[in-house]
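Only the coordinates and a few stated rules stand behind these numbers; no lab work does. This one's a predicted model, so the numbers in the text were calculated from it and none came from an experiment. Cβ placement follows ideal geometry from the backbone for every residue including glycine, while neighbour counts extend to all protein chains displayed.
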Amino acid sequence: MRIIQASALAFCLLTAAPAIALGADAKTDVEKAYATFDAAFNKQDAKAVAANYVPTAKVLPPTHEVASGPAEIEKFFAGFFANGVTGHKLEVIDAGGNDKVVVGTAKWSATGKDKDGKPAPFSGLAMHVFERQADGSLKLRFHTFN
């Protein structure tokens, strides 16, 4: 009987341990997610950028034109690329969460074009709500920025 109880306890601990470990370092996980996002953005690949989002995701830009789901999110970012936005970078301010949901805040920067078409830097703040995937990676559920 004790062998069965010990085996059950070991099983529970082993299956719970990965979930605990996944949420252990939210900042590192968010930094990885940001690096993946920046790489796709800086390749000017709207489809790859949209792949960073869950299917039910929403992008909430300062224009108040909400982009919902992969097709709208892809179209939203394609507009940035068509307007010559490059050099995107996200820098973590703070991150936290658990084994299911992680929130990250960031400073973002990029290079766009001014009214004369010359390169111009711009930047702001962003907040991201991620859903942890089965493989431990993060995908965006909500993304808002100014």
Amide H of Val101: which non-local residues (sequence gap of 5 or more, or other chain) have their own amide H closer than 5 Å, using H built in the peptide plane? Arg132
Taking the convex hull of the Cα atoms, report for segment 31-125 its projected area averaged over all directions, in nm². 6.3
Among the lysines in segment 48-146, how many pairs, 8 or more places apart or on different chains, have alpha carbons under 29 Å apart? 23
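Could you give the semi-axes, largest first, of the ellipsoid that matches segment 69-138, computed as the square roots of 5 times the alpha carbon gyration tensor eigenvalues and rounded to whole Å?
On the way: eigenvalues 163, 51, 12 Å².
That gives 29, 16, 8 Å for the three semi-axes.
Over segment 55-97, what lengths in whole Å, largest first, do the semi-axes of the equivalent ellipsoid take, defined as the square roots of 5 times the eigenvalues of the alpha-carbon gyration tensor?
Values: eigenvalues 79, 58, 20 Å².
They are 20, 17, 10 Å, listed largest first.
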Within 10 Å of each candidate Cβ there may be at most 14 other Cβ atoms; applying that plus a DSSP loop requirement, which trypsin sites (Lys or Arg not before Pro) in segment 93-128 survive? Lys100, Lys115
Net charge (Lys, Arg +1; Asp, Glu -1) of residues whose beta-carbon lies under 14 Å from that of Phe145, Phe145 excluded, is 0
Subtract the Cα-Cα distance of Phe145 and Thr56 from 0.36 nm times their separation in residues, and report this length gain in nm to one decimal. 30.2 nm
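Could you compute the net charge surrounding Lys58? Neighbours are other residues with a C-beta less than 15 Å from the C-beta of Lys58; K and R count +1, D and E count -1. Could you put the intermediate results ahead of the total?
Numbers: positive: Lys75, Lys139, Arg141; negative: Glu65, Glu72, Glu74, Glu131.
Result for the local shell: -1.
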